[in-house]
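The block underneath contains the structure these notes are about, expressed in structure tokens.
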Amino acid sequence: MSYSKEKELAISAVRRACGLTSSVFNRLVQNEKLVKGDKSPVTVGDFSAQALISAMIHHAFPSDVIVGEEDAADLRLDTSESTSLRERIVALANEALTQPLVDGETAEWEIGPGKEQTSAELLDAIDRGNYEGGRTGRMWCIDPIDGTKGFLRADQYAVCLALIVDSIVQVGVIGCPNLPLDLSNPSGERGCIFFAVRGEGAFQIPITSSPSISPPTKIQIPLTSDTSKLTFLESFESAHASHSTASAIASLLGVTNPPIRMDSQAKYGCLARGDGNGGGGVYMRLPVSGLGPTASYIEKIWDHAPGSLLVEEAGGIISDARGHPLDFGLGRTLGKGENWGVIATGKDVHAKVLEAVKKAFESEGKTLAKA
Ligand SMILES: Nc1ncnc2c1ncn2[C@@H]1O[C@H](COP(=O)(O)OS(=O)(=O)O)[C@@H](OP(=O)(O)O)[C@H]1O
Ligand SMILES: [Mg+2]
Ligand SMILES: [Mg+2]
Ligand SMILES: [Mg+2]
């Protein structure tokens with residue numbers, strides 16, 4: 001089946017949310033003296049972007065359910081802090097909802113202008129993301145700001161949206177406001193939207209344009225079977241994924257390119273468009289400690305759903321460290337004990353990378369068999 005309406009809606013929602021998060025950054029992070037460790041700007045951005053995306057989805061596809069990272073419980077409290085946070089979020093979400101269309105964008109699912117949402121409607125929109133996930137049906141998956149730490153550092157972050165149908169990701173959109181259109185020209189134009197529909201390929205557009213006006217650029221992982229030419233794409237934060245295991249795996253594969261360490265699902269976009277040294281990339285996310293049932297962290301579906309489709313549609317394979325596919329039908333997470341990290345790379349090198357992962361684990365005294 002075709003998902004063209006869902007794709008257009010998702011691109012439009014992600015573009016608006018990217019505009020919103022950029023303006024939150026400019027107003028709240030750049031121009032305010034922040035106390036170190038203050039997370040409030042990212043909280044404002046997270047809530048308002050989820051409210052906006054969820055409201056647009058509900059308006060266009062009222063019977064679809066949503067898994068969103070955030071919930072509005074803290075915003076419903078009767079405290080002055082909560083009230084002022086709520087007011088900021090409602091103003092920001094409405095400002096984004098009523099932005100004019102960009103050239104070529106359809107008005108079919110526009111809520112505004114003139115139809116601002118009430119505070120109650122927007123809190124309900126956030127809470128519509130409470131769905132517990134599951135095996136069957138149509139379900140949207142929102143990460144309003146992925147890479148919150150990158151957002152606060154003025155570094156990479158992403159607004160992520162996917163449509164999952166009967167546990168299979170069918171549409172994936174990732175907006176990266178700070179990512180150069182061409183990573184080898186970091187001072188060039190910034191702001192990319194990556195998108196994919198299953199069976200239709202993976203694409204990139206500048207964040208300022210719409211696919212019906214400027215033709216999207218088809219993106220592809222470079223084909224190569226030489227693992228020594230690979231570039232590793234890893235989390236920026238060493239607390240989120242093991243840098244040391246990744247570096248042991250890189251040595252086993254003969255990799256000499258330095259790793260690209262970047263926050264958020266922007267990494268999936270970079271992998272899909274072949275960033276690095278021309279030899280393809282490897283997205284590597286292995287737990288800092290433990291594995292499988294004893295892993296230190298359970299991966300969430302919103303951190304991988306759109307990125308996984310982008311990789312597959314760009315000619316890659318995504319799996320866990322054992323080569324098992326990611327299962328988006330287990331609930332809000334990839335499953336405690338079911339998921340053993342994430343490895344994504346071009347299909348011609350995936351098996352070799354898994355072999356190196358196995359060897360690296362064995363030399364750390366870990367085995368890829370279930371305990
Ligand atoms: N301890 C731990 N281990 C593994 N993963 C964690 C951990 N804590 C958080 N997270 C999740 O990591 C998401 C961001 O992943 P990144 O790869 O972008 O990491 S990082 O930005 O480089 O830090 C991040 O997504 P956001 O919350 O949307 O930013 C979290 O879902
Ligand atoms: Mg995230
Ligand atoms: Mg997030
Ligand atoms: Mg988070």
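The values are calculated or read from the model by the stated rules, or taken from the named source; none is laboratory data. Just so we're clear, the structure is a prediction, and the values are computed from it rather than from any experiment. Virtual Cβ from ideal backbone geometry, glycine too; neighbours counted across all protein chains shown.
Quick one: is SER23 among the hydroxyl-bearing types (Ser, Thr, Tyr) and either outside any helix (DSSP H, G or I) or out of contact with any Leu (no Cβ under 6 Å at 6 or more places or on another chain) (or both)?
Working: among the hydroxyl-bearing types (Ser, Thr, Tyr): yes; either outside any helix (DSSP H, G or I) or out of contact with any Leu (no Cβ under 6 Å at 6 or more places or on another chain) (or both): yes.
Considered against the rule, which asks whether it is among the hydroxyl-bearing types (Ser, Thr, Tyr) and either outside any helix (DSSP H, G or I) or out of contact with any Leu (no Cβ under 6 Å at 6 or more places or on another chain) (or both), SER23 comes out as yes.
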Next on the checklist: Tell me yes or no: at least one residue of the stretch 139-149 is under 16 Å from the mean Cα position of the chain (by Cα), of a type in the set (Asp, Glu) and over 13 Å from ALA17 (Cβ atoms).
Outcome noted: no
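Hand me the list of strands (runs of 3 or more DSSP E) wholly inside the stretch 103-193 holding 3 or more residues that are more than 13 Å from ligand 1 (Cβ to nearest atom) and among the acidic types (Asp, Glu). Full working, then the answer.
Details: elements: 138-146, 158-165, 168-180.
Qualifying strands (runs of 3 or more DSSP E): none found.
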Checklist outcome for this item: All-but-one check, ILE205 against (1) under 24 Å from TYR3 (Cα atoms); (2) surrounded by fewer than 23 Cβ atoms within 10 Å (Cβ to Cβ); (3) within 16 Å of ligand 4 (Cβ to nearest atom), failing number (3)
Item to check | Residue selected from the stretch 129-183 under the condition within 14 Å of ligand 3 (Cβ to nearest atom) and polar (S, T, N, Q), by the criterion farthest from ALA60 (Cα to Cα) | outcome: GLN156
Next on the checklist: Under 7 Å between Cβ atoms, which residue pairs at least 6 apart in sequence (or on different chains) link something in the stretch 225-242 that is of a type in the set (Asp, Glu) with a partner that is assigned to a strand (DSSP E or B)?
Outcome noted: GLU234/ARG261; GLU234/MET284
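Looking only at the stretch 127-141, count every residue that is among the basic types (Lys, Arg) and closer than 16 Å to ALA51 by Cβ and tell me the total.
Our first condition is that a residue be among the basic types (Lys, Arg); within the stretch 127-141, this holds for 128, 135, 138.
Add one more test, that the residue is closer than 16 Å to ALA51 by Cβ, and what stays is 128.
Selection size over the stretch 127-141: 1.
Yes or no: PHE236 surrounded by 23 or more Cβ atoms within 10 Å (Cβ to Cβ) and either on the phi < 0 side of the Ramachandran plot or within 16 Å of ligand 2 (Cβ to nearest atom) (or both)?
On the way: surrounded by 23 or more Cβ atoms within 10 Å (Cβ to Cβ): no; either on the phi < 0 side of the Ramachandran plot or within 16 Å of ligand 2 (Cβ to nearest atom) (or both): yes.
Criteria not met by PHE236.
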Next on the checklist: Cβ-Cβ under 8 Å, sequence separation 6+ or interchain: first residue in the stretch 13-40 and over 19 Å from PRO177 (Cα atoms) and in the same structural domain as CYS160 (by TED's automatic domain parsing), partner among the aliphatic types (A, V, I, L, M) and modelled with pLDDT of 70 or more. Which pairs?
Outcome noted: LYS39/LEU152; SER40/LEU28; SER40/LEU85
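Applying the selection to the stretch 220-233, what residues are of a type outside the set (S, T, N, Q) and surrounded by 22 or more Cβ atoms within 10 Å (Cβ to Cβ)?
Step one: filter the stretch 220-233 for residues of a type outside the set (S, T, N, Q), giving 221-223, 226, 229-230, 232-233.
ILE221, LEU230, PHE232, LEU233, listed by residue number.
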Checklist outcome for this item: Here the residues within the stretch 283-329 that are modelled with pLDDT under 95 and polar (S, T, N, Q) are SER289, THR294, SER296
